[in-house]
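A short reminder: the numbers here are calculations on the coordinates, not readings from a lab. All of these numbers come straight from a predicted model, not from anything done at the bench. Neighbour counts are summed over all protein chains in view; Cβ atoms, including those assigned to glycine, are modelled from backbone coordinates with ideal geometry.
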Amino acid sequence: IGNDCMSCLAPNDADDDGGDDGGEVELTELCQEMYESSGKCEQDMSGLYYPNNGGCDYINNILPAISKVYSGRSSSRNAISNKLSSLNEGNVSVLTVTLGVTTLFFAVLSYSLYKKISDASNSIDLSQQGVV
């Protein structure tokens, strides 16, 4: 999701009488639809005959609570990021060497066990055993 803004104003291309529109602009359809479907809190706005207050509870109570939750998460993420970035080159190289040595050890151990199992299964000759 980008942070780029998009203009809601577009030049008025079509004029009903076919004349010059004088450079007038109109709202884009996308912006009109977003405004119509958005929650509104018009309780303190003067000059409105039918104020829409359906979104006041959501805007005044729920959104701030959600904002607090997410701001707490971002601060904990920042703390973790700061801890990880505070590792110096020495700690990272020790960790890398340890990981490499243990991986090599388990690779050799796995190959050794594989060879023992495959050699043991090849040396068993069931035809030499007596029939019961």
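If I model a spin label at Asn53 and Glu29 as a point 7 Å from the Cα along the Cα→Cβ vector, what separation in nanometres do I get?
Modelled inter-label distance: 3.6 nm.
Amide H to amide H, which residues 5 or more places from Glu26 or on other chains are under 5 Å from it, using H placed in the peptide plane?
Amide H neighbours of Glu26, under 5 Å, 5+ apart: Ala10, Asn12.
Which FRET efficiency value, to the nearest 0.05, do you get for Lys116 and Val92 by plugging their Cβ-Cβ distance into 1/(1 + (r/R0)^6) with R0 = 30 Å? Mind showing how you got there, number by number?
Numbers: r = 37 Å, r/R0 = 1.23.
Plugging the Cβ-Cβ distance into 1/(1 + (r/R0)^6) gives 0.25.
Which whole-Hz couplings ³J(HN,Hα) result when phi for each residue of region 42-50 is put into the Karplus expression 6.51 cos²θ - 1.76 cosθ + 1.60, θ = phi - 60°, listed in order with x for Gly and Pro?
10, 5, 10, 8, 8, x, 9, 6, 10
Gly55: net charge of surrounding residues, Cβ under 10 Å, Lys/Arg +1, Asp/Glu -1, itself excluded? Working shown, then result.
Numbers: positive: Lys40; negative: Glu42, Asp57.
That works out to -1.
Tell me the label-point distance for the pair Leu99, Ser71, using the 7 Å Cα-to-Cβ offset, in nm and rounded to one decimal.
Result for the modelled spin labels: 3.7 nm.
Whose amide H sits under 5 Å from the amide H of Lys40, counting only residues 5 or more places off or on another chain, with H placed in the peptide plane?
Answer set, sorted by chain and number: Gly54, Gly55.
Through the Karplus equation 6.51 cos²θ - 1.76 cosθ + 1.60, θ set to phi - 60°, convert the phi angles of region 31-39 into ³J(HN,Hα) values in whole Hz; use x for Gly and Pro.
Karplus values, whole Hz, x for Gly and Pro: 5, 4, 5, 5, 5, 5, 8, 7, x.
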